Structures are given as structure tokens and as C-alpha cells.
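Dumping the structure here so I can ask a few things about it.
No lab work stands behind these numbers, since they all come straight from the coordinates. Values in this document were obtained by computation on a predicted structure and should not be read as measured data. Glycine also receives a Cβ, built like all others from the backbone with ideal geometry; neighbour counts cover every protein chain displayed.
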Amino acid sequence: MVDDNQDIVDVFCELLNLIGLDVLAKGMDGMDAVKLYEKYRPDLIFVDLIMPKYDGFYAIENIKDVDPNAKIIVITEDVKNILGNFGLSMPGQARGTLYYFQNKKYIN
């Protein structure tokens, strides 16, 4: 679980534990996400997109370079602005965002 807001990390991890998912590690930015992924190779990683210094886009790109089959779930507070950066709207086109992430088309 990677997010720059410690309160979000704590609450999200607690919810994951309640549904029976073990949280292997916690990080605060995209660099942490990459290092923790390389160390633990989790089945699934939750990452925020908007974080200072190393953001979620950094994490996704670098984790996918390490493991193209990595399962990444993006969490973010401001979905409409993020999707707007891809020319998408809610909710009909939201699935297209996953296509962009999986194929690195979001990277300039």
C-alpha cells in the first residue's frame, strides 16, 4: 500500500486486513513502491497517483519494467482530474484508463 497520506495508508490497510488481505509493506511515494515491489513481489499493489517527488506514474512505469505482469490498483482522491488528463470522462470511459496504464500510453 503506497500513499503519501499516512492516515489513508492506515485506514486502507485496516480495511484490507478486515477482508482477509495481508499487507506486506507500506510506502510513502513511488520510489518506495518500486523498492517494496522488488523486495516482496506482492500479488497486488495499491498505489496513489498524486504524491510529491516520486508519484504513482513513476511507480507504475518502473514496476511494469521490473514485472510486466504486476497487478497494480490505482487509488486517487481526484479521479475526474486524473481521467481528464487522458481525455476520458466518468464513468463510461473509466475502463480505458487501465488500458493506458497497462500499455504505457500515458508516458510522454
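Net charge within 11 Å of Lys26 by Cβ-Cβ distance, Lys/Arg positive one each and Asp/Glu negative one each, not counting Lys26 itself?
Counting the neighbours of Lys26, the net charge comes to -3.
Counting other beta carbons within 10 Å of each Cβ, put Met31, Met1 in order, fewest first.
Met31, Met1
Further question: Given a Förster distance of 41 Å, report the FRET efficiency between Arg41 and Glu77 from their Cβ-Cβ distance, rounded to the nearest 0.05.
For R0 = 41 Å, the calculated efficiency reads 0.90.
Just order 36-43, 13-20, 47-54 by mean Cβ neighbour count inside 10 Å, highest at the front, would you?
47-54, 36-43, 13-20
Right, another one. At q = 0.12, 0.27 Å⁻¹, what log₁₀ I(q)/I(0) does a Debye calculation on the Cα points of the range 1-76 give, no solvent, two decimals?
-0.27, -1.34
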